[in-house]
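To start, the structure itself, in structure tokens.
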Amino acid sequence: MKRYVVLFEKMFLIFFVFSCLGWIYEVLLYLIRDNEFVNRGFLVGPYLPIYGFGALILYYLLWNFIKKKHKIGKVNINIILVFVIIFIVTTFVEYVSHYFLDTYFGIILWDYSDDFLNINGRVCFEASRNFAIGGTFSLYCIQPLIERFVTKFNNKKFYHIIIGILFLIMLADFLIKIF
């Protein structure tokens, strides 16, 4: 049982950290582009779950993959392969998320209709490229920090309490929004 609790806490921590980082990224993007603060997303708190889900998918899909060396001749092409996989996966996740939010909640949070190489306004090349850059950076730079944090603190009572509180806050935010 303890193993499952530790796994859940680690998954939630990854989800929460990247949901918050995604919110910061999007708020800064609008602040710089439009010179105004826009609380992105459909929840009240400073997090965007699509980034958290995307991070979990990428983590479980690629974490062991990035540790191996994939070469063409003597050239390590790992980071290129990771970038391409992330480009494809995040494009798919963004498309499905847009479809889900639009179909079930009537919410359209982004529209790429006027952007280059868009598909139904739900995804476009520029956004997919940015997510691939961010995802690659996250896997190689941010995720190792989270791994060290979890290893250092996952047996501490304070860690369990903080994870529990953050989970309940996000759950309440989501439940209030959908009901």
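The values are calculated or read from the model by the stated rules, or taken from the named source; none is laboratory data. On a predicted model such as this, the values are computed, not experimentally measured, just so you know. Here Cβ is always computed from backbone atoms with ideal geometry, including for glycine, and neighbour counts include all displayed protein chains.
From the list I66, I86, I80, which residue is modelled with pLDDT under 90 and among the β-branched types (V, I, T)?
Working: I86 fails: modelled with pLDDT under 90; I80 fails: modelled with pLDDT under 90.
The conditions single out I66.
Out of all the residues in the range 68-89, is one or more within 18 Å of R40 (Cα to Cα), free of Cβ contacts under 8 Å to residues at least 40 places away in the same chain and not small (G, A, S)? Talk me through it step by step, then tell me what you get.
Just the residues of the range 68-89 that are within 18 Å of R40 (Cα to Cα), to begin with: none.
The answer is no, given that none of the residues of the range 68-89 is within 18 Å of R40 (Cα to Cα), free of Cβ contacts under 8 Å to residues at least 40 places away in the same chain and not small (G, A, S).
Check Y140, Y159 and return the single one that is over 30 Å from F87 (Cα atoms), of a type outside the set (A, V, I, L, M) and touching a residue at least 60 places away in the same chain (Cβ under 8 Å). Outline the logic, then answer.
Details: Y140 fails: over 30 Å from F87 (Cα atoms).
Selected residue: Y159, the only one of Y140, Y159 that is over 30 Å from F87 (Cα atoms), of a type outside the set (A, V, I, L, M) and touching a residue at least 60 places away in the same chain (Cβ under 8 Å).
Search the range 30-53 for residues being within 12 Å of the chain's Cα centre (by Cα) and either hydrophobic (A, V, I, L, M, F, W, C) or closer than 16 Å to I146 by Cα (or both), and hand back the single one that is modelled with the lowest pLDDT.
Initial filter on the range 30-53 (within 12 Å of the chain's Cα centre (by Cα)): 47-53.
Those left that are additionally either hydrophobic (A, V, I, L, M, F, W, C) or closer than 16 Å to I146 by Cα (or both): 48, 50-53.
On the way: L48: 91, I50: 84, Y51: 90, G52: 93, F53: 90.
Within the range 30-53, the match that is modelled with the lowest pLDDT is I50.
Is there a residue in the range 124-134 that is surrounded by 14 or more Cβ atoms within 10 Å (Cβ to Cβ), under 18 Å from the mean Cα position of the chain (by Cα) and not in a helix (DSSP H, G or I)?
yes
Could you check the range 60-112 and list, in sequence order, the residues that are of a type in the set (S, T, Y) and more than 18 Å from the chain's Cα centre (by Cα)? It would help to see each step written out before you state the result.
Initially, the range 60-112 is screened for residues of a type in the set (S, T, Y), giving 60, 90-91, 95, 97, 99, 103-104, 112.
Listed by number, the residues that qualify are T103, Y104, Y112.
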